[in-house]
1. Under the condition of being outside any helix (DSSP H, G or I) and in contact with a strand residue (DSSP E or B) (Cβ under 6 Å, 6 or more places away or on another chain), which residue from the stretch 296-306 is farthest from residue 40 (Cα to Cα)?
2. Got at least one residue in the stretch 275-283 being farther than 25 Å from residue 180 by Cβ and either in contact with a strand residue (DSSP E or B) (Cβ under 8 Å, 6 or more places away or on another chain) or surrounded by 17 or more Cβ atoms within 10 Å (Cβ to Cβ) (or both)?
3. As an exercise: evaluate residue 58 against (1) touching a residue at least 12 places away in the same chain (Cβ under 8 Å); (2) surrounded by fewer than 17 Cβ atoms within 10 Å (Cβ to Cβ); (3) closer than 27 Å to residue 205 by Cβ and give the number of the one condition it does not meet.
4. Criterion first (surrounded by 14 or more Cβ atoms within 10 Å (Cβ to Cβ) and either within 28 Å of residue 249 (Cβ to Cβ) or within 21 Å of the chain's Cα centre (by Cα) (or both)) does residue 124 satisfy it?
5. Which members of the stretch 284-293 meet the condition of being surrounded by 14 or more Cβ atoms within 10 Å (Cβ to Cβ) and either out of contact with any helix residue (DSSP H, G or I) (no Cβ under 6 Å at 6 or more places or on another chain) or assigned to a loop (DSSP other than H, G, I, E, B) (or both)?
6. Looking at 265, 311, 281, 269, which one is on the phi < 0 side of the Ramachandran plot, touching a helix residue (DSSP H, G or I) at 6+ places or on another chain (Cβ under 9 Å) and modelled with pLDDT of 90 or more?
7. Among the residues of the stretch 75-85, are any closer than 30 Å to residue 132 by Cα, surrounded by fewer than 22 Cβ atoms within 10 Å (Cβ to Cβ) and over 17 Å from the mean Cα position of the chain (by Cα)?
8. If we keep just the residues of the stretch 259-271 that are in a loop (DSSP other than H, G, I, E, B) and surrounded by 15 or more Cβ atoms within 10 Å (Cβ to Cβ), which is farthest from the chain's Cα centre (by Cα)?
């Protein structure tokens, strides 16, 4: 069982979770059942992953067979960009709860700071192929995220993919403070400035794509993070896998990583990161790997008024 971190509202979140993004139909449910059986309690999902009914069926199976109690789980979902219009927020949360077969979420996030045209299409596109965005202000969306808390639909709320300026702007008006900012974070994009910014404001960083992405297009002469020979040397030194060292690094720099896998051996391996510590010298060494490489730049949305990655951090 993973240790927990205390959120700014007094709730606790396990410091490692399992992600459900890009899991094929028929795979994510079995992966989640196994993960819960071996000790995972933090489940990260989102409406746009289009697998919440399968995730919900897996959660129900493990709750019904007594493997885990609802209060022992920490379940996260996210409001998609087509649902930013204030009157759509609460219904979207209720739809997610119905799909997950749950009475409440532990954490509900604004998935991105920008909004898309409303409708059933998750990625509405114009004739030129570009995604159709709208100018809905995430501050207006946030008021209804707060309503989700007041209605008991979720215990906590937070954001995802927000930069420091967007977070600061939100904090000026929020009646309920975000407990987390879920961002891409790995050794090639260590986000040290944003981590420090959030730490100073008592906001926990959740790290998605914590191992970067093996399919990530690398600049010429560069190798994917999981194939980096320098990481292999470090892993051998600690008698661990590269993935375990990378996850341990993220935990020690103050984030909550949520690696995704549907393979039992990797799911088990990713949880087994609490029996060793990286020394200060090796932490600093991994810091030098930072290249500001981004797996999820979401370049198709650069025209959006609230696109987050133009800022420094």
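The values are calculated or read from the model by the stated rules, or taken from the named source; none is laboratory data. All of these numbers come straight from a predicted model, not from anything done at the bench. Note that each Cβ is placed from the backbone with ideal geometry, even for glycine, and that neighbours are counted across all protein chains shown.
1. So, considering only residues that are outside any helix (DSSP H, G or I) and in contact with a strand residue (DSSP E or B) (Cβ under 6 Å, 6 or more places away or on another chain), the one farthest from residue 40 (Cα to Cα) is 304.
2. Taking every residue of the stretch 275-283 in turn, at least one turns out to be farther than 25 Å from residue 180 by Cβ and either in contact with a strand residue (DSSP E or B) (Cβ under 8 Å, 6 or more places away or on another chain) or surrounded by 17 or more Cβ atoms within 10 Å (Cβ to Cβ) (or both).
3. (2)
4. No; evaluated as a whole, the condition is false for this residue.
5. Matches in the stretch 284-293: 285, 289, 290, 291, 293.
6. Details: 265 fails: touching a helix residue (DSSP H, G or I) at 6+ places or on another chain (Cβ under 9 Å); 311 fails: modelled with pLDDT of 90 or more; 281 fails: touching a helix residue (DSSP H, G or I) at 6+ places or on another chain (Cβ under 9 Å).
None of the others qualify; the one that does is 269.
7. So far as the stretch 75-85 goes, yes, one or more of its residues are closer than 30 Å to residue 132 by Cα, surrounded by fewer than 22 Cβ atoms within 10 Å (Cβ to Cβ) and over 17 Å from the mean Cα position of the chain (by Cα).
8. In this case the residue turns out to be 262.
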